[in-house]
């Protein structure tokens, strides 16, 4: 049946395809999916979502749908397979069994909530009055936002965020804080804003400190120190935040240690400080030391 769906697209009867991995929702047409201006990361995110939804996608059909060559499409599939997002088979790709999936923000906020509150307090303690901050989306950065609000002596801080939940949490500190929301396309799962538009906002900014979250920090020989995210669209925004800041801080509980995911954010060398805690936090000591990154374990 999956092959029949692919054949329907080839015959020009493409139906709307949900692309939740990039937050764009249903496209309504294959032409929209294959917009020439799509970045490689955005194309791969939509390709991964398509394979997950259909179960199987042929190389020829997907190349036509995304308006790229079959050589480019095979390269995309190979990259997605290495990231565990799908499985290559003859002529196409199938959905991977057991592939990592995003959880809603509300669910991840409840997981290891005490650890995340401790991380939030330690990270917030490093922020000074009069500074400007980029605050990333995520459950651990949400804990940072709440801890910043609780620091009633902190003032004249400008915080730019792409997280709607983050902005709402910071609202209680106005006018001590100036809260700026980037704008962009809404991803309901994380209540995050992604491209288009976020990149334009970040390109016009330079802040003192970026505080980012992630889904994985590699600790093994294969990619040690690589900092990654499950979602390509959010990883793209995080890379923009790195470029728009003087100093960078990574906040991640110990469960992220040893994990690698699809979207590359950067490497530990990109961060002056990592604030972590909980089970698995000690696994980050060696890669942090190798990168020359300060590691703070919240307890």
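A few notes on this one:
- Matching option when the condition is surrounded by fewer than 16 Cβ atoms within 10 Å (Cβ to Cβ) and closer than 16 Å to residue 46 by Cα, among 129, 75: 75
- Within the stretch 278-292, being farther than 23 Å from residue 117 by Cβ and touching a residue at least 40 places away in the same chain (Cβ under 8 Å) holds for 286, 287, 290, 291.
- The criterion of at least 2 residues that are touching a helix residue (DSSP H, G or I) at 6+ places or on another chain (Cβ under 8 Å) and under 19 Å from residue 207 (Cα atoms) is met by the following helices (runs of 4 or more DSSP H) wholly inside the stretch 100-185: 113-124, 139-150, 164-170.
- 1 or more residues within 25 Å of residue 168 (Cα to Cα): qualifying helices (runs of 4 or more DSSP H) within the stretch 192-297: 198-203, 232-243
- Matching residues, the stretch 248-286, being more than 25 Å from residue 41 (Cα to Cα) and surrounded by 23 or more Cβ atoms within 10 Å (Cβ to Cβ): 253, 274, 275, 276, 277, 281, 284
- Residue list for the stretch 157-213, filter: without any contact (Cβ under 8 Å) to a residue 24 or more places away in the chain and under 24 Å from residue 110 (Cβ atoms): 167, 168, 171, 172
- The condition of being closer than 30 Å to residue 150 by Cα, at pLDDT below 85 and in contact with a helix residue (DSSP H, G or I) (Cβ under 7 Å, 6 or more places away or on another chain) does not hold for residue 27.
- Being under 24 Å from residue 241 (Cβ atoms), out of contact with any helix residue (DSSP H, G or I) (no Cβ under 7 Å at 6 or more places or on another chain) and modelled with pLDDT under 80 is a description that does not apply to residue 32.
The values are calculated or read from the model by the stated rules, or taken from the named source; none is laboratory data. Quick caveat, the model's predicted, so the values are computed rather than measured. Because the Cβ atoms are built from the backbone with ideal geometry, glycine has one as well, and the counts that use them run over all protein chains shown.
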